[in-house]
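Working notes, beginning with the structure itself.
The values are calculated or read from the model by the stated rules, or taken from the named source; none is laboratory data. Small disclaimer: the values here were computed from a predicted structure and weren't measured. Here the Cβ positions follow ideal geometry from the backbone for every residue, glycine too, while neighbour counts run over all protein chains shown. Surface accessibility is based on the protein's heavy atoms, side chains included, excluding ligands, DNA and RNA. Shrake-Rupley method; radii C 1.70, N 1.55, O 1.52, S 1.80 Å.
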Amino acid sequence: MSPADLALFQDFKRRSNGGIQLAIVSYLRDKITRGELQPGTQLPSLRELAQLWGTNFFSVKLATDALQEAGLLSKHQGRGMFVDQPQAEAISRVGIYMSGTPQNRQNFIAFATQCDLLCERLDARGIDYVIWRDSRPAAEHTGPPPVMRQAITQKRVQAVCGVNIRRYDMRWFGALPIHKAFLTANRFPMPSFNDMAAELRVQGRQRVAIISPEGQDCTWSFVVEGFKNAGVRMPPRRQRIFAEAAYLERDWSELGYHAAMELLTASPRPDALIVYPDNAVPGVIQAILQLGLRVPEDLQTIFHRNRELPYFCPFPSMTITTSLSDMADQLFASLVGG
(Lines give C-alpha, C1' and ligand atoms only; values in the text may rest on other atoms or scores of the structure.)
Protein backbone atom coordinates (compact mmCIF):
# COMPACT_ATOMS: atom_id res chain seq x y z
CA MET A 1 0.00 0.00 0.00
CA SER A 2 1.36 3.43 -0.93
CA PRO A 3 1.52 6.16 1.72
CA ALA A 4 -1.10 8.90 1.61
CA ASP A 5 -0.12 11.89 -0.50
CA LEU A 6 1.74 14.54 1.48
CA ALA A 7 -0.62 17.12 -0.01
CA LEU A 8 -3.34 15.78 2.33
CA PHE A 9 -1.37 17.13 5.27
CA GLN A 10 -0.43 20.59 4.02
CA ASP A 11 -3.31 22.28 5.83
CA PHE A 12 -1.72 21.68 9.24
CA LYS A 13 -1.39 24.88 11.29
CA ARG A 14 0.40 25.40 14.57
CA ARG A 15 -1.80 26.51 17.45
CA SER A 16 -0.95 29.62 19.41
CA ASN A 17 -0.82 27.63 22.67
CA GLY A 18 -0.58 24.06 23.83
CA GLY A 19 2.58 23.19 21.94
CA ILE A 20 3.33 21.51 18.63
CA GLN A 21 2.78 17.97 19.92
CA LEU A 22 -0.81 18.63 21.05
CA ALA A 23 -1.49 20.45 17.78
CA ILE A 24 -0.39 17.41 15.76
CA VAL A 25 -2.49 15.06 17.89
CA SER A 26 -5.58 17.24 17.44
CA TYR A 27 -4.98 17.69 13.70
CA LEU A 28 -4.55 13.99 12.89
CA ARG A 29 -7.37 12.92 15.22
CA ASP A 30 -9.74 15.31 13.43
CA LYS A 31 -8.75 13.97 10.01
CA ILE A 32 -9.36 10.41 11.16
CA THR A 33 -12.69 11.05 12.90
CA ARG A 34 -13.97 13.11 9.93
CA GLY A 35 -13.15 10.25 7.58
CA GLU A 36 -10.50 12.12 5.60
CA LEU A 37 -8.10 9.32 6.54
CA GLN A 38 -9.80 5.96 6.21
CA PRO A 39 -8.88 2.82 8.20
CA GLY A 40 -5.93 1.09 6.60
CA THR A 41 -4.51 4.26 5.07
CA GLN A 42 -0.72 4.42 5.34
CA LEU A 43 0.62 7.76 6.55
CA PRO A 44 3.85 9.35 5.33
CA SER A 45 6.94 8.70 7.41
CA LEU A 46 7.60 10.64 10.61
CA ARG A 47 10.54 12.44 8.98
CA GLU A 48 8.44 13.42 5.96
CA LEU A 49 5.71 14.86 8.19
CA ALA A 50 8.24 16.68 10.37
CA GLN A 51 9.83 18.28 7.30
CA LEU A 52 6.44 19.21 5.84
CA TRP A 53 5.29 20.86 9.10
CA GLY A 54 8.61 22.54 9.88
CA THR A 55 9.08 20.76 13.19
CA ASN A 56 11.29 18.03 14.63
CA PHE A 57 11.04 14.26 14.34
CA PHE A 58 10.74 13.93 18.14
CA SER A 59 7.50 15.95 18.36
CA VAL A 60 5.86 14.04 15.50
CA LYS A 61 6.90 10.72 17.05
CA LEU A 62 5.40 11.55 20.45
CA ALA A 63 2.18 12.84 18.86
CA THR A 64 1.68 9.72 16.75
CA ASP A 65 2.61 7.54 19.73
CA ALA A 66 -0.28 9.16 21.62
CA LEU A 67 -2.65 8.40 18.73
CA GLN A 68 -1.41 4.82 18.67
CA GLU A 69 -2.21 4.53 22.39
CA ALA A 70 -5.68 5.91 21.65
CA GLY A 71 -6.23 3.15 19.07
CA LEU A 72 -6.33 5.52 16.09
CA LEU A 73 -2.97 4.60 14.55
CA SER A 74 -0.88 1.45 14.38
CA LYS A 75 2.87 1.26 13.73
CA HIS A 76 4.60 -1.72 12.18
CA GLN A 77 8.38 -1.90 12.00
CA GLY A 78 9.55 -2.06 8.40
CA ARG A 79 6.04 -1.41 7.02
CA GLY A 80 5.05 2.01 8.30
CA MET A 81 2.23 3.75 10.13
CA PHE A 82 -1.46 3.16 9.37
CA VAL A 83 -4.87 4.43 10.37
CA ASP A 84 -6.28 1.75 12.67
CA GLN A 85 -9.59 0.00 12.30
CA PRO A 86 -12.28 1.64 14.45
CA GLN A 87 -13.32 -0.07 17.65
CA ALA A 88 -16.61 -1.84 16.98
CA GLU A 89 -17.41 -3.66 20.20
CA ALA A 90 -18.75 -2.00 23.33
CA ILE A 91 -16.45 -2.22 26.33
CA SER A 92 -17.92 -4.09 29.30
CA ARG A 93 -14.76 -5.72 30.68
CA VAL A 94 -11.10 -4.85 30.30
CA GLY A 95 -7.86 -6.54 31.24
CA ILE A 96 -5.10 -4.61 33.00
CA TYR A 97 -1.54 -5.85 32.44
CA MET A 98 1.26 -5.22 34.95
CA SER A 99 4.68 -6.43 33.85
CA GLY A 100 7.43 -7.54 36.22
CA THR A 101 10.01 -10.23 36.87
CA PRO A 102 11.16 -12.09 40.01
CA GLN A 103 14.48 -10.20 39.82
CA ASN A 104 12.87 -6.80 39.43
CA ARG A 105 13.52 -4.60 42.48
CA GLN A 106 12.23 -1.38 40.94
CA ASN A 107 9.87 0.70 43.04
CA PHE A 108 6.38 0.10 41.60
CA ILE A 109 4.44 2.40 43.94
CA ALA A 110 3.63 4.80 41.08
CA PHE A 111 2.41 2.02 38.80
CA ALA A 112 0.29 0.48 41.57
CA THR A 113 -1.23 3.90 42.30
CA GLN A 114 -1.93 4.50 38.63
CA CYS A 115 -3.60 1.09 38.40
CA ASP A 116 -5.81 1.96 41.39
CA LEU A 117 -6.79 5.29 39.81
CA LEU A 118 -7.67 3.58 36.53
CA CYS A 119 -9.77 1.00 38.37
CA GLU A 120 -11.64 3.82 40.13
CA ARG A 121 -12.57 5.27 36.74
CA LEU A 122 -13.69 1.89 35.42
CA ASP A 123 -15.79 1.30 38.55
CA ALA A 124 -17.45 4.71 38.11
CA ARG A 125 -18.41 3.78 34.54
CA GLY A 126 -19.66 0.33 35.61
CA ILE A 127 -16.98 -1.49 33.60
CA ASP A 128 -15.63 -4.75 34.98
CA TYR A 129 -11.90 -5.52 34.91
CA VAL A 130 -9.31 -8.18 35.64
CA ILE A 131 -5.69 -7.47 36.59
CA TRP A 132 -2.85 -9.65 35.29
CA ARG A 133 0.40 -9.34 37.26
CA ASP A 134 3.09 -10.99 35.16
CA SER A 135 6.00 -12.21 37.31
CA ARG A 136 7.60 -14.53 34.73
CA PRO A 137 11.38 -14.25 34.25
CA ALA A 138 12.29 -11.70 31.58
CA ALA A 139 13.36 -14.41 29.12
CA GLU A 140 9.82 -15.82 29.15
CA HIS A 141 8.17 -12.54 28.15
CA THR A 142 7.90 -13.58 24.50
CA GLY A 143 4.12 -13.38 24.53
CA PRO A 144 1.21 -12.74 26.87
CA PRO A 145 0.82 -14.96 29.95
CA PRO A 146 -1.52 -17.92 29.29
CA VAL A 147 -4.39 -16.53 31.37
CA MET A 148 -4.27 -13.28 29.41
CA ARG A 149 -4.06 -15.07 26.04
CA GLN A 150 -7.04 -17.24 26.97
CA ALA A 151 -9.17 -14.28 28.07
CA ILE A 152 -8.50 -12.51 24.75
CA THR A 153 -9.09 -15.62 22.63
CA GLN A 154 -12.35 -16.40 24.40
CA LYS A 155 -13.39 -12.73 24.16
CA ARG A 156 -13.89 -12.44 27.90
CA VAL A 157 -12.37 -8.95 27.68
CA GLN A 158 -12.97 -6.35 24.98
CA ALA A 159 -9.83 -4.27 25.59
CA VAL A 160 -6.51 -4.51 27.39
CA CYS A 161 -4.51 -1.82 29.13
CA GLY A 162 -0.79 -1.94 29.81
CA VAL A 163 -0.27 0.10 32.97
CA ASN A 164 3.32 -1.06 33.22
CA ILE A 165 5.00 -2.55 30.14
CA ARG A 166 8.68 -3.42 29.92
CA ARG A 167 10.70 -3.11 26.75
CA TYR A 168 10.66 -6.88 26.22
CA ASP A 169 6.84 -6.84 26.26
CA MET A 170 6.37 -4.18 23.61
CA ARG A 171 6.49 -6.36 20.49
CA TRP A 172 3.91 -8.92 21.56
CA PHE A 173 1.69 -6.41 23.36
CA GLY A 174 1.48 -4.20 20.27
CA ALA A 175 0.45 -7.20 18.15
CA LEU A 176 -2.45 -8.31 20.37
CA PRO A 177 -5.63 -8.74 18.26
CA ILE A 178 -7.73 -6.54 20.53
CA HIS A 179 -8.29 -2.89 21.33
CA LYS A 180 -5.44 -1.79 23.61
CA ALA A 181 -3.98 1.19 25.38
CA PHE A 182 -0.67 1.75 27.13
CA LEU A 183 1.22 4.64 28.60
CA THR A 184 4.96 4.10 28.78
CA ALA A 185 7.52 6.23 30.60
CA ASN A 186 8.50 8.25 27.58
CA ARG A 187 4.85 9.16 26.83
CA PHE A 188 3.67 10.64 30.11
CA PRO A 189 1.90 13.98 29.82
CA MET A 190 4.74 16.44 30.49
CA PRO A 191 4.99 20.17 31.16
CA SER A 192 6.79 22.39 28.68
CA PHE A 193 10.51 21.74 28.39
CA ASN A 194 10.76 25.20 26.82
CA ASP A 195 9.73 26.94 30.04
CA MET A 196 12.31 25.09 32.12
CA ALA A 197 14.99 25.65 29.49
CA ALA A 198 14.20 29.37 29.46
CA GLU A 199 14.61 29.55 33.24
CA LEU A 200 18.02 27.85 33.01
CA ARG A 201 19.08 30.46 30.44
CA VAL A 202 17.86 33.32 32.64
CA GLN A 203 19.96 31.91 35.48
CA GLY A 204 22.99 31.62 33.17
CA ARG A 205 23.41 27.88 33.69
CA GLN A 206 26.01 26.64 31.20
CA ARG A 207 26.93 23.16 32.46
CA VAL A 208 23.71 21.15 32.57
CA ALA A 209 23.82 17.47 33.53
CA ILE A 210 21.06 14.86 33.45
CA ILE A 211 20.13 11.50 34.99
CA SER A 212 17.46 9.60 33.05
CA PRO A 213 16.44 6.17 31.74
CA GLU A 214 16.75 5.34 28.07
CA GLY A 215 13.66 5.61 25.88
CA GLN A 216 11.29 2.76 25.20
CA ASP A 217 12.91 2.05 21.83
CA CYS A 218 16.36 1.99 23.50
CA THR A 219 17.85 4.70 21.28
CA TRP A 220 17.30 7.91 23.23
CA SER A 221 16.02 9.42 26.44
CA PHE A 222 12.86 11.43 25.83
CA VAL A 223 13.83 13.82 28.64
CA VAL A 224 17.24 14.46 27.06
CA GLU A 225 15.61 15.03 23.67
CA GLY A 226 12.97 17.31 25.17
CA PHE A 227 15.54 19.59 26.76
CA LYS A 228 17.84 19.48 23.74
CA ASN A 229 14.99 20.50 21.45
CA ALA A 230 14.38 23.40 23.86
CA GLY A 231 18.00 24.53 23.36
CA VAL A 232 19.71 23.01 26.42
CA ARG A 233 23.17 21.61 25.68
CA MET A 234 24.07 18.41 27.54
CA PRO A 235 27.24 16.74 26.22
CA PRO A 236 27.54 12.97 26.72
CA ARG A 237 29.99 13.36 29.62
CA ARG A 238 27.21 15.07 31.59
CA GLN A 239 24.60 12.41 30.83
CA ARG A 240 23.89 9.30 32.86
CA ILE A 241 21.36 7.34 30.79
CA PHE A 242 20.40 4.00 32.30
CA ALA A 243 19.50 0.93 30.27
CA GLU A 244 16.38 -0.92 31.31
CA ALA A 245 18.44 -3.86 32.59
CA ALA A 246 20.19 -1.56 35.08
CA TYR A 247 17.07 -0.18 36.73
CA LEU A 248 15.25 -3.50 36.75
CA GLU A 249 18.04 -5.09 38.78
CA ARG A 250 18.95 -2.17 41.07
CA ASP A 251 17.05 0.31 43.19
CA TRP A 252 16.44 3.64 41.47
CA SER A 253 17.52 5.64 44.50
CA GLU A 254 20.83 3.78 44.55
CA LEU A 255 21.34 4.46 40.84
CA GLY A 256 20.52 8.13 41.36
CA TYR A 257 22.97 8.47 44.23
CA HIS A 258 25.94 6.96 42.37
CA ALA A 259 25.18 8.84 39.15
CA ALA A 260 24.93 12.14 41.03
CA MET A 261 28.20 11.51 42.86
CA GLU A 262 29.95 10.86 39.54
CA LEU A 263 28.53 13.97 37.91
CA LEU A 264 28.89 16.35 40.84
CA THR A 265 32.49 15.44 41.66
CA ALA A 266 33.66 15.99 38.08
CA SER A 267 35.64 19.07 37.12
CA PRO A 268 34.24 21.44 36.11
CA ARG A 269 31.19 20.61 38.20
CA PRO A 270 27.73 20.94 36.59
CA ASP A 271 25.78 24.03 37.61
CA ALA A 272 22.39 22.39 36.91
CA LEU A 273 21.14 18.83 37.28
CA ILE A 274 17.99 17.30 35.78
CA VAL A 275 16.75 14.06 37.37
CA TYR A 276 14.07 11.73 36.00
CA PRO A 277 12.20 9.72 37.26
CA ASP A 278 11.20 10.65 40.79
CA ASN A 279 12.32 7.23 42.09
CA ALA A 280 15.92 8.38 41.56
CA VAL A 281 15.50 11.73 43.33
CA PRO A 282 15.97 10.64 46.99
CA GLY A 283 19.40 9.22 46.15
CA VAL A 284 20.34 12.40 44.32
CA ILE A 285 19.24 14.52 47.30
CA GLN A 286 21.45 12.38 49.53
CA ALA A 287 24.45 12.95 47.25
CA ILE A 288 23.90 16.74 47.14
CA LEU A 289 23.66 16.96 50.91
CA GLN A 290 26.70 14.74 51.39
CA LEU A 291 28.76 16.98 49.08
CA GLY A 292 27.60 20.12 50.90
CA LEU A 293 26.28 21.81 47.77
CA ARG A 294 23.91 24.76 48.08
CA VAL A 295 20.76 24.78 45.99
CA PRO A 296 20.28 26.84 43.93
CA GLU A 297 23.46 28.90 44.57
CA ASP A 298 25.93 26.13 43.60
CA LEU A 299 23.55 23.90 41.68
CA GLN A 300 20.11 24.36 40.17
CA THR A 301 18.07 21.18 40.30
CA ILE A 302 15.12 20.07 38.19
CA PHE A 303 13.49 17.00 39.73
CA HIS A 304 10.68 14.89 38.36
CA ARG A 305 7.76 14.65 40.77
CA ASN A 306 4.42 12.86 40.58
CA ARG A 307 1.75 15.05 42.10
CA GLU A 308 0.13 12.15 43.96
CA LEU A 309 3.44 10.81 45.34
CA PRO A 310 5.42 13.65 46.93
CA TYR A 311 8.83 13.19 48.50
CA PHE A 312 10.76 15.23 51.06
CA CYS A 313 13.22 17.72 49.58
CA PRO A 314 15.13 19.96 52.03
CA PHE A 315 15.97 22.65 49.49
CA PRO A 316 14.10 24.58 46.76
CA SER A 317 14.03 22.84 43.40
CA MET A 318 12.41 23.29 40.02
CA THR A 319 10.16 20.34 39.19
CA ILE A 320 9.01 18.35 36.20
CA THR A 321 5.56 17.81 37.66
CA THR A 322 3.36 15.05 36.32
CA SER A 323 0.07 13.67 37.60
CA LEU A 324 -0.86 10.02 37.96
CA SER A 325 -4.50 11.12 37.84
CA ASP A 326 -3.94 12.73 34.44
CA MET A 327 -2.20 9.57 33.23
CA ALA A 328 -5.12 7.46 34.44
CA ASP A 329 -7.51 9.79 32.60
CA GLN A 330 -5.48 9.37 29.41
CA LEU A 331 -5.46 5.60 29.73
CA PHE A 332 -9.20 5.52 30.45
CA ALA A 333 -9.97 7.71 27.45
CA SER A 334 -7.79 5.49 25.23
CA LEU A 335 -9.64 2.41 26.47
CA VAL A 336 -13.28 3.42 26.48
CA GLY A 337 -13.52 7.09 25.53
CA GLY A 338 -13.67 10.16 27.74
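Summing Lys and Arg as +1 and Asp and Glu as -1 over all other residues whose Cβ lies under 12 Å from the Cβ of Asp169 gives a net charge of +2.
Give the residue from Ala280, Ser99, Thr265 lying farthest towards the positive end of the charge dipole for the chain; charges sit on Cβ (+1 for Lys and Arg, -1 for Asp and Glu) and the dipole is referred to the Cα centre. Ranked along the dipole, the leading option is Thr265. Taking each residue as 0.36 nm, the span from Val147 to Arg171 lengthens on full extension beyond its C-alpha to C-alpha distance by 6.8 nm. Net charge dipole, the chain: roughly 460 debye, given to the nearest 20, about the Cα centre with Cβ charges of +1 for Lys and Arg and -1 for Asp and Glu. Cross-linked pairs Lys13/Lys180; Lys31/Lys75; Lys61/Lys155; Lys31/Lys228: Cα-Cα separations exceed 25 Å for Lys13/Lys180; Lys61/Lys155; Lys31/Lys228.
For the chain, the per residue solvent-accessible surface stands at 46 Å², with DNA, RNA and ligands left out and a 1.4 Å probe. The Phe312 and Glu254 beta-carbon pair, evaluated with R₀ = 25 Å, returns a calculated FRET efficiency of approximately 0.90.
Positive-end ranking of Gly292, Ser74, Val163 along the dipole of the chain, with charges on Cβ about the Cα centre, is headed by Ser74. Nonpolar atom fraction for the stretch 279-324, defined as the carbon and sulfur part of the 1.4 Å probe accessible area, stands at 53 percent. Semi-axes of the equivalent ellipsoid of the chain are 35, 26, 17 Å, computed as sqrt(5λ) over the eigenvalues of the C-alpha gyration tensor in descending order. Here the calculated FRET efficiency for Arg269 and Gln154, from their Cβ-Cβ distance with R0 = 56 Å, stands at 0.40, rounded to the nearest 0.05. Treating r as the C-beta distance of Leu289 and Ile109 and R0 as 22 Å, the FRET efficiency rounds to 0.45.
What fraction of the DSSP beta bridges in the chain is antiparallel, stated in percent and rounded to the nearest 5? So the antiparallel bridges in the chain amount to around 15 percent.
Remark on Leu37: its backbone amide H falls under 5 Å from those of Ile32, a criterion applied only to residues 5 or more positions apart or on other chains, H modelled at 1.01 Å from N.
Cβ under 11 Å from Val60's Cβ, Val60 left aside: what net charge do those residues give with Lys, Arg +1 and Asp, Glu -1? Around Val60, the charge tally is 0. Considering only Gly40, Gly162, Gly256, the mean-square fluctuation computed in a Gaussian network model of the chain, springs between alpha carbons under 10 angstrom, is largest for Gly40.
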